[in-house]
1. When residues of segment 102-117 are filtered for being of a type outside the set (A, V, I, L, M, F, W, C) and either over 14 Å from Ile200 (Cα atoms) or in contact with a strand residue (DSSP E or B) (Cβ under 7 Å, 6 or more places away or on another chain) (or both), how many remain?
2. Would you call Ala162 at pLDDT 90 or above and crowded, with 20+ Cβ neighbours inside 10 Å?
3. Picking from Gly172, Gly189, Gly176, which residue would you name as being under 22 Å from the mean Cα position of the chain (by Cα) and at pLDDT below 90?
4. Kindly indicate whether any position in segment 107-116 is in contact with a Ser or Thr (Cβ under 6 Å, 6 or more places away or on another chain) and of a type in the set (Gly, Ala, Ser).
5. From the list Leu134, Leu159, Leu138, Leu87, pick out the single residue that is touching a residue at least 24 places away in the same chain (Cβ under 8 Å) and over 23 Å from Ala204 (Cβ atoms).
6. List, please: which pairs have Cβ atoms under 6 Å, are six or more places apart or on different chains, and start with a residue in segment 210-228 that is farther than 22 Å from Tyr139 by Cα and small (Gly, Ala, Ser) and end with one that is at pLDDT 90 or above and in a helix (DSSP H, G or I)?
7. Could you grab me the full set of residues in segment 193-234 that are farther than 23 Å from Cys166 by Cα and either surrounded by fewer than 20 Cβ atoms within 10 Å (Cβ to Cβ) or among the acidic types (Asp, Glu) (or both)?
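The values are calculated or read from the model by the stated rules, or taken from the named source; none is laboratory data. As the structure is a computational prediction, the values presented were derived from the model and not from experiment. Here the Cβ positions follow ideal geometry from the backbone for every residue, glycine too, while neighbour counts run over all protein chains shown.
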Amino acid sequence: MSTNTQSAPAPKVRARGERSPLASLGLHLTLLVATLTAVFPPLWLVITSFKPKTDAFDTSVVKNFTFGNYSHVLGDTQFLAWLGNSLVVVGITTVIGVFISATTGYAVSRFRFPGLRPLMWLLLITQMFPVAVLIVPLYNLLASLGMLNQPVGLVITYLTVAVPFCAWMMKGYFDGIPAEIDEAGRVDGLTPFGTFWRLIMPLAKPGLAVTAFYTFITGWGEVAYASAFMTGEENLTLAGGLQTFVNQYTADWGSLTAAAVLIAAPAAVVFGLVQRHLVSGLTAGATKS
């Protein structure tokens with residue numbers, strides 16, 4: 001008498017990194033919740049900007065669509081003057097900041113000179129101080145130099161914020177570019193600056209894009225220094241001008257949200273122009289410094 005025995009199927013062994021259906025579902029739900037959490041605030045900001053002032057706190061989608069908030073901001077306030085001030089300050093800050101950060105990063109990456117390590121430590125230490133601690137000494141310094149209510153005062157202030165971080169990041173990026181390129185340039189008769197400008201800079205576009213974006217955002221969205229060092233509506237930048245829509249008694253939420261959308265639009269355009277370089281530039285500066 002023979003018996004037929006059937007062995008139990010072997011449990012499925014998942015490949016390394018392969019997720020179970022339940023884990024995959026949990027991951028996708030988490031990503032969906034995170035996406036909605038990130039998208040909801042700016043989306044609601046845009047929706048509120050098209051509502052009448054009386055419907056600012058209405059939780060429904062726009063019922064009475066209007067461009068009145070935008071026309072009020074552009075026609076009845078100093079918004080265009082704030083925009084001009086911001087463009088001047090941010091434009092100068094970005095150009096000078098990128099140049100100083102790139103040259104500083106290249107110098108500490110390629111050359112060995114007395115004071116190199118203290119310089120690198122100084123670039124890091126300057127990032128340790130919060131804005132609240134620096135406002136008073138910077139205010140006194142700018143006042144003694146006659147730079148209050150002057151765009152150059154804000155430019156210098158923003159450079160002290162952006163350049164140390166960007167210089168350290170650019171140093172890490174230049175470390176990843178072979179030094180043989182510099183040697184080849186010198187063999188061809190280029191000066192050190194000529195080698196940097198003609199050979200190294202074109203290879204450092206991702207790092208320069210990140211530097212430009214960080215410097216731009218530093219000046220475009222900064223509020224504390226702009227409010228403390230600039231007075232008078234005609235002298236304010238965009239970030240400082242937003243505060244004029246809110247006081248201790250009332251808040252014009254319609255105009256505030258409309259102005260915020262107008263301010264965010266240029267930043268989104270700049271991000272779109274440099275976003276393909278951001279990942280490679282940030283990772284290079286973070287891992288090779």
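1. Selection size over segment 102-117: 4.
2. yes
3. Gly172
4. Among the residues of segment 107-116, not one is in contact with a Ser or Thr (Cβ under 6 Å, 6 or more places away or on another chain) and of a type in the set (Gly, Ala, Ser), which makes the answer no.
5. Working: Leu134 fails: touching a residue at least 24 places away in the same chain (Cβ under 8 Å); Leu159 fails: over 23 Å from Ala204 (Cβ atoms); Leu87 fails: touching a residue at least 24 places away in the same chain (Cβ under 8 Å).
It is Leu138.
6. Hits for this filter: Ala212/Thr94; Ala212/Val98.
7. Going through segment 193-234, the residues farther than 23 Å from Cys166 by Cα turn out to be 227-234.
Ser227, Ala228, Thr231, Gly232, Glu233, Glu234, listed by residue number.
Matching residues to (1) within 32 Å of the chain's Cα centre (by Cα); (2) closer than 18 Å to Ala259 by Cα; (3) modelled with pLDDT under 80; (4) in a loop (DSSP other than H, G, I, E, B):
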| position | (1), (2), (3), (4) |
| --- | --- |
| Met1 | no, no, yes, yes |
| Val13 | no, no, yes, yes |
| Glu18 | no, no, yes, yes |
| Ala38 | yes, no, no, no |
| Pro41 | yes, yes, no, no |
| Lys63 | no, no, yes, yes |
| Tyr70 | yes, yes, no, no |
